[in-house]
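Student: Pasting a structure below so you can have a look.
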Amino acid sequence: YNPCVLEVGGDWRYRMWFFGWAAKHANAGMGSGCDAIFHARSQNLRTWEVWSGEERWDVTMSPTLWRPVLSASERWYDNWHNGDPSVVLENGRFYMAYSATSTPIAKTPGYPSDMVQCVMGATSTDGIHWEKTSQPLLIRQEDTATPRPEPDRIGDFHRPCLRREAGVWKLWFDYWVPGKGVCLGLAENNGEFARTDGFVLKHNPADPLLENWPNPEMVRVGSRWISFADPGGYPTPRNAKPEAASWMRRQLREAVSDDGIHWRRLDFIPPDDDTPACHVPQVLVTKQTGPAGREVRKL
């Protein structure tokens, strides 16, 4: 899930990176770790083929054939989960920010996900073969492979959204703030993407840009930034089953900003009648030919 789609032009106009388990539990037999990132391409957004290793592409939608383009490494903060890809094409090169984690740890106060979470980076010339950055783009400085209890800890930088604007790398992400839950943050980098300590927080982490804003996604439309997330707070039907109500309370919601820092929440987006919940938004702004050759803008 979490498909990041870019319009790149050429014979394969659209490229997609997504993550999860392809065919077996925890991608058994497909590399190290657990979650991994896969890649697909399309000419029209309607039909896709998925990279399946070497020069092979699967058009039959047979996940057993797929092969990840990015999976866990031996580094302690990157050796379990690789996911939530966010990709930017800049001067013919692909840049990715993605979620990475340590292997699950024993229950430790201050680590609600029972693992250390961070944001890693990677670069590629073809979108398939990636070189990871030598260090995380964002990680709490005090985190280690054997964390000590810290009930008041602020951290777990995760689920990045990478953008490039006016020569600046912008990296939105969600993170854990005790008493406030999963919140929205922003870091920026005015230099090279992979430089050490290049991404710097633009605000005090104790004061998030938005509270209760998990899985953030951003897009610039005109002069305004638009964000989508899947926060809790949506009213659920009275007859909802208890095991489903927690998911139904989380739905897609929109926020807008003129500077990417100060945000105004808009309404929840109701789910389709046949869908109890919608999560993990991703956005693409593109134009396609509609009826009678008319160009249609799609968001």
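The values are calculated or read from the model by the stated rules, or taken from the named source; none is laboratory data. Here the structure is a predicted model, which is why all the values come from computation and not from measurement. For neighbour counting, all protein chains shown are included, and Cβ atoms are generated from backbone atoms with ideal geometry for every residue, glycine included. Protein only, heavy atoms only, side chains kept; ligands, DNA and RNA dropped before computing areas. Shrake-Rupley method; radii C 1.70, N 1.55, O 1.52, S 1.80 Å.
Student: Tell me, yes or no, whether region 187-209 has at least one residue that is outside any strand (DSSP E or B), charged (D, E, K, R), open to solvent by 10 Å² or more (accessible area, probe 1.4 Å) and on the phi > 0 side of the Ramachandran plot.
Tutor: Yes, that holds for at least one residue.
Student: For a quick check of your reading of the model, give me the residue pairs whose first member lies in region 280-292 and is within 22 Å of PRO214 (Cβ to Cβ), whose second is at pLDDT below 85 and open to solvent by 20 Å² or more (accessible area, probe 1.4 Å), with beta-carbon atoms closer than 7 Å and at least 6 apart or on different chains.
Tutor: VAL283/LEU299
Student: Moving to a separate point now. Inside region 280-295, can you point out the residues that are at pLDDT 85 or above and either β-branched (Val, Ile, Thr) or more than 28 Å from SER223 (Cα to Cα) (or both)?
Tutor: Within region 280-295, VAL280, VAL283, VAL285, THR286 qualify.
Student: Follow-up question, since we're still on this one. With the requirement that a residue be farther than 13 Å from VAL87 by Cβ and either of a type in the set (Ser, Thr, Tyr) or open to solvent by 40 Å² or more (accessible area, probe 1.4 Å) (or both), what does region 104-124 give you?
Tutor: PRO104, ALA106, LYS107, THR108, PRO109, TYR111, PRO112, SER113, ASP114
Student: Name the residue that is nearest to the chain's Cα centre (by Cα), counting only residues in region 34-62 that are on the phi > 0 side of the Ramachandran plot and open to solvent by 30 Å² or more (accessible area, probe 1.4 Å).
Tutor: LEU45
Student: Something else about it: Yes or no: ARG250 open to solvent by less than 90 Å² (accessible area, probe 1.4 Å), more than 18 Å from PRO160 (Cα to Cα) and touching a His at 6+ places or on another chain (Cβ under 8 Å)?
Tutor: Taking the combined requirement at face value, the residue satisfies it.
Student: Does GLU90 count as open to solvent by 40 Å² or more (accessible area, probe 1.4 Å) and within 20 Å of the chain's Cα centre (by Cα)?
Tutor: Yes, satisfied.
Student: Ok, one more. I want to confirm something. Restricting to region 146-158 and keeping residues that are within 16 Å of THR101 (Cβ to Cβ) and open to solvent by less than 70 Å² (accessible area, probe 1.4 Å), which single residue is modelled with the lowest pLDDT?
Tutor: PRO147
Student: For region 257-279, give me each residue that is hydroxyl-bearing (Ser, Thr, Tyr) and either closer than 17 Å to ASN215 by Cα or at pLDDT 95 or above (or both).
Tutor: Within region 257-279, just SER257 meets the criteria.
Student: So the check is Cβ under 8 Å with 6+ separation or different chains; which pairs have a first residue in region 127-146 that's at negative phi and a second one that's open to solvent by 40 Å² or more (accessible area, probe 1.4 Å) and modelled with pLDDT under 95?
Tutor: SER134/THR196; GLN135/THR196
Student: Have a look at ASP174, ASP207 and point out the one that is among the acidic types (Asp, Glu) and farther than 15 Å from VAL119 by Cβ.
Tutor: None of the others qualify; the one that does is ASP207.
Student: Within region 19-33, can you find the residues that are open to solvent by 30 Å² or more (accessible area, probe 1.4 Å) and modelled with pLDDT of 95 or more?
Tutor: Answer for region 19-33, where residues must be open to solvent by 30 Å² or more (accessible area, probe 1.4 Å) and modelled with pLDDT of 95 or more: just TRP21.
Student: Within region 159-181, which residues are over 18 Å from GLY260 (Cα atoms), outside any loop (DSSP other than H, G, I, E, B) and of a type outside the set (Phe, Trp, Tyr)?
Tutor: If the condition is that a residue be over 18 Å from GLY260 (Cα atoms), outside any loop (DSSP other than H, G, I, E, B) and of a type outside the set (Phe, Trp, Tyr), then VAL177, GLY181 are the ones that fit.
Student: Among (1) of a type outside the set (Val, Ile, Thr); (2) in a strand (DSSP E or B); (3) surrounded by fewer than 14 Cβ atoms within 10 Å (Cβ to Cβ), there is one condition LEU184 misses while meeting the rest; what is its number?
Tutor: (3)
Student: Moving on. Which of the residues spanning region 234-246 are open to solvent by 60 Å² or more (accessible area, probe 1.4 Å) and either in contact (Cβ under 8 Å) with a residue 24 or more places away in the chain or within 17 Å of ASP267 (Cβ to Cβ) (or both)?
Tutor: Once the filter is applied, which keeps residues that are open to solvent by 60 Å² or more (accessible area, probe 1.4 Å) and either in contact (Cβ under 8 Å) with a residue 24 or more places away in the chain or within 17 Å of ASP267 (Cβ to Cβ) (or both), region 234-246 yields only PRO235.
Student: State all residues of region 130-145 that are surrounded by fewer than 20 Cβ atoms within 10 Å (Cβ to Cβ) and over 16 Å from GLY83 (Cα atoms); if no residue qualifies, say none.
Tutor: Within region 130-145, SER134, GLN135, GLN141, GLU142, THR144, ALA145 qualify.
Student: A further question follows. Being closer than 18 Å to GLY121 by Cα and assigned to a loop (DSSP other than H, G, I, E, B) narrows it down to one of GLY53, GLY33, so name that one.
Tutor: Result of the check over GLY53, GLY33: GLY33.
Student: Does ALA36 qualify as being in contact with a helix residue (DSSP H, G or I) (Cβ under 7 Å, 6 or more places away or on another chain) and modelled with pLDDT of 95 or more?
Tutor: Taking the combined requirement at face value, the residue satisfies it.
Student: Being of a type in the set (Phe, Trp, Tyr) and open to solvent by 50 Å² or more (accessible area, probe 1.4 Å), is that true of even one residue in region 212-222?
Tutor: no
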